[in-house]
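Here the structure is laid out as structure tokens; the discussion comes afterwards.
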Amino acid sequence: MLALIYLGLAIALGHLLCRRFYRLVSIAHRWAAAVLVGVLLSTWFTYLAVLAFSRLGEPLLSADVLFFVVAAGAIFWLSKKARKAETITPVAPGSSKWDWITLGALFVAACVLLTGTLYVNKQGRIRLSGTQTSDFASQLVIAQNFALAHNVPTEFAHYASQRPHYQFPFYFQSGNLEFLGLNLAWSVDVLSVLGLTSLLALVMVLGELLFNSRVVGRIGAALFLFHGFVRHLTSFLPSGYSHRAETWGFWKQVDFVNQRHLAFAVGIVLLVLIFLVDWYRRRSSAKGFVFSGVLLAAVPFWNAPVFIAASVVLCCLLVAYGLWWLSTLKTPPMLGRVLAGALTAGILVAGLSDLLAVYRNSYVEINYETDSLFKGLVFRRSVIYKIPDSFPAGLVREGLSKPPLTAFEGGHGSGKGQFDNPRGIAIDSAGNILVADTDNGRIEKFSQNGTFVTSIGPFEAPNGIGIDRAGNIYVAEIGSKHRVQKVGPDGTFIGKWAPGLYGPRKIDIGPDDSVYVVDSGRNRIVKFSPNGQVLASWGSEGSGDGQFRGLSSVAVDPINNKVYVTDSMNSRIQVFDSNGKYVSKWSVPEWGKAVGFEDLAIDSQAGRLYASSAHMSVILVFDLHGNRLGTVTPTPPDKLDGPSALALAKDKLLVLNNGSARVSVIVLPSK
């Protein structure tokens, strides 16, 4: 309740301030401006008050009390001084009924997009879409830090030792709303939905103002929300399935999910732009300039994305104007309206398919309501001690040595022997180790003892690696290319193919050099010849035999010629013959709790199958019939940290750790 009162006061204050300095086009314009201005100014007021009260026991509580008092007083005073709201004229012709219907539909779409990708489920766990897992881990830490009222962070958790980034105020306010009574997911979602809906309302207003047409505003707002379909249409049409990973760029609807603070920044820019258009037309009092300057100065997101987003808004409005103009053509009769209607309907249908693709993405789950650590109870009375700058003699400073050059030491980075989000590993016939350094766009090659040899590439987000009997290397690229590349042992390009692939992840090579590819976006396995000809394809989304959810890996038993497939979200391994005919399955309880990149490795001679569990950081051992044999671990002090890929060497299992960005070696028991 307190959180809603806080937001109500902030929006009411924003409404009175905007009415004092701006002329407004419509009620939608008035309330969108009130939300954006109220949330922006209340966030800064509360945060600066927290800094002022930082030496008190409950700085956030003190800051909120001060805000309630000051906001109530300011609202009372401004209401007394309030003048009659001015409207920008001339008003575009037509009824506002369809404006409200359009805005309501966009509000529903925003709710589906934003609340469907971040919420607390019935088990009390936060369910988080896979499109936002990387950045959100650190951003939710910011919110949780303030919600627990323990600290005033001065660094951004995602990048150690750096100052807070542009998204900091948004997640500070999210933490404040959680502190005032909302759960963490709702505190982020409420702000997200308010911000995105307000932005779309201002796009409608700007279209109406620039082109004197309500229709242009409506179509322009829908285009801006759904314009991501343009970027993915070429992949959607051949594959029949629209998959989304965590990506960046203004041609993706995922941005509104991943970068939730963006709508507020762009909305403030549009609010000022609408004011400038009105001022230019009437050349009247310029007192709104001072207020606009304050708002722009308070926006913490001043870099290229803001201007790119504003440009995209204008482009969408120009396209909307073109569609509207097409509908007004009178010769030949009705042709213009039919074309404009067909194009608009196509945009909406494609945009909705993009919306559903984001909504249906993979997810992770985090304990929330029942987790004492997440709630901050475990370390409530802990003490942080300051370490002196001068180190005692004999104490070695960590992090000052040169970056390690062995795969077994590894480390995060882009140097030789370092990795950034590594996803795949393979061993060639000479025993060399190849690692897919995914976010650095390369394959790193190491000798048997882990010494760096060379890099192969560039690739776009390489994931799985397969090596045939001739030493040729097959690489699955899951970036925007969605393809498999084939290179020679020395990295020389041989060929590439992508027959409808969407999200190719892992690769394994059969005894006849056939190439088995995990096509995660379509939940299927595709079998190729070494030249890229499709030999077989099987699988679809679901829980039945031969269906998959969370498909991540494939492994071929060269002796029995059977294919083993990870069905992660269904918590099982399925077995097929080499042509995709279903054979059997068995349960893996350690899977299905979160999005993982579970991998398989088969030792045919020993009759063992090794399966990683990224969530549990453990390697499971089965026989080839699904009987559980136990687990294997590296020799202490080495330990696993988010195992993402496996490869078998002589009596050894190599495990690629995504979390610690290095390779672990597990010595296997004698056969």
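The values are calculated or read from the model by the stated rules, or taken from the named source; none is laboratory data. If you're wondering where the values come from, they're calculated on a predicted model, not measured in any experiment. Counting neighbours? That spans all protein chains shown, and the Cβs are built from the backbone with ideal geometry, glycine included.
A few remarks follow.
- Qualifying residue in the stretch 604-625 (condition: in contact with a strand residue (DSSP E or B) (Cβ under 9 Å, 6 or more places away or on another chain), without any contact (Cβ under 8 Å) to a residue 40 or more places away in the chain, crowded, with 21+ Cβ neighbours inside 10 Å and not in a loop (DSSP other than H, G, I, E, B)): yes
- All of D512, D567 fail the test of being of a type in the set (D, E) and within 22 Å of M616 (Cα to Cα), apart from D567.
- Residues in the stretch 452-477 that are part of a loop (DSSP other than H, G, I, E, B) and under 21 Å from R662 (Cα atoms): G457, P458, F459, E460, A461.
- Taking the stretch 535-546 as the range and being of a type outside the set (D, E, K, R), more than 15 Å from Y502 (Cα to Cα) and either part of a strand (DSSP E or B) or in contact (Cβ under 8 Å) with a residue 24 or more places away in the chain (or both) as the test, the residues that pass are L535, A536, S543, G546.
- S447 vs. criteria modelled with pLDDT of 90 or more and either in contact with a Ser or Thr (Cβ under 7 Å, 6 or more places away or on another chain) or under 16 Å from R662 (Cβ atoms) (or both): yes
- Checklist (1) in contact (Cβ under 8 Å) with a residue 24 or more places away in the chain; (2) within 25 Å of the chain's Cα centre (by Cα) applied to K481, failing item: (1)
- With respect to (1) touching a Lys or Arg at 6+ places or on another chain (Cβ under 8 Å); (2) in a loop (DSSP other than H, G, I, E, B); (3) surrounded by fewer than 20 Cβ atoms within 10 Å (Cβ to Cβ), the lone exception for L629 is condition (2).
- Filtered residue count, the stretch 652-671, keeping only those that are outside any strand (DSSP E or B), of a type outside the set (G, A, S) and loosely packed, with under 13 Cβ neighbours inside 10 Å: 2
Matching residues to (1) of a type in the set (A, V, I, L, M); (2) exposed (fewer than 15 other Cβ atoms within 10 Å of the Cβ); (3) in contact (Cβ under 8 Å) with a residue 12 or more places away in the chain:
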position: A28; (1), (2), (3): yes, no, yes
position: W31; (1), (2), (3): no, no, yes
position: A34; (1), (2), (3): yes, no, yes
position: S54; (1), (2), (3): no, yes, yes
position: V65; (1), (2), (3): yes, yes, no
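- Within the stretch 94-145, being in a helix (DSSP H, G or I), modelled with pLDDT under 80 and among the hydrophobic types (A, V, I, L, M, F, W, C) holds for F136, A137, L140, V141, I142, A143.
- Within the stretch 503-525, residues that are within 16 Å of S604 (Cβ to Cβ) reach partners that are crowded, with 21+ Cβ neighbours inside 10 Å and small (G, A, S) with beta carbons closer than 7 Å, at six or more positions or on different chains, in the pairs D508/G466; D508/A555; I509/G466.
- Matching helices (runs of 4 or more DSSP H) fully within the stretch 251-350 where at least 3 residues are modelled with pLDDT of 75 or more, surrounded by 14 or more Cβ atoms within 10 Å (Cβ to Cβ) and of a type in the set (V, I, T): 262-282, 304-328
- Selected residue (criterion: modelled with the lowest pLDDT) from residues of the stretch 484-527 that are in a strand (DSSP E or B) and of a type in the set (D, E): D519
- Only a single item in (1) surrounded by fewer than 22 Cβ atoms within 10 Å (Cβ to Cβ); (2) closer than 24 Å to A470 by Cβ; (3) under 24 Å from the mean Cα position of the chain (by Cα) is not met by V534, and it is number (3).
- Residues satisfying the stated conditions in the stretch 547-567, i.e. in a strand (DSSP E or B) and in contact with a Leu (Cβ under 8 Å, 6 or more places away or on another chain): S553, V554, A555, D557, K562, Y564, V565, T566, D567
- Filter result for L9 (in the same structural domain as P169 (by TED's automatic domain parsing) and closer than 21 Å to L182 by Cβ): yes
- Hits in the stretch 405-419 (condition: of a type in the set (S, T, Y) and either free of Cβ contacts under 8 Å to residues at least 24 places away in the same chain or in a loop (DSSP other than H, G, I, E, B) (or both)): S414
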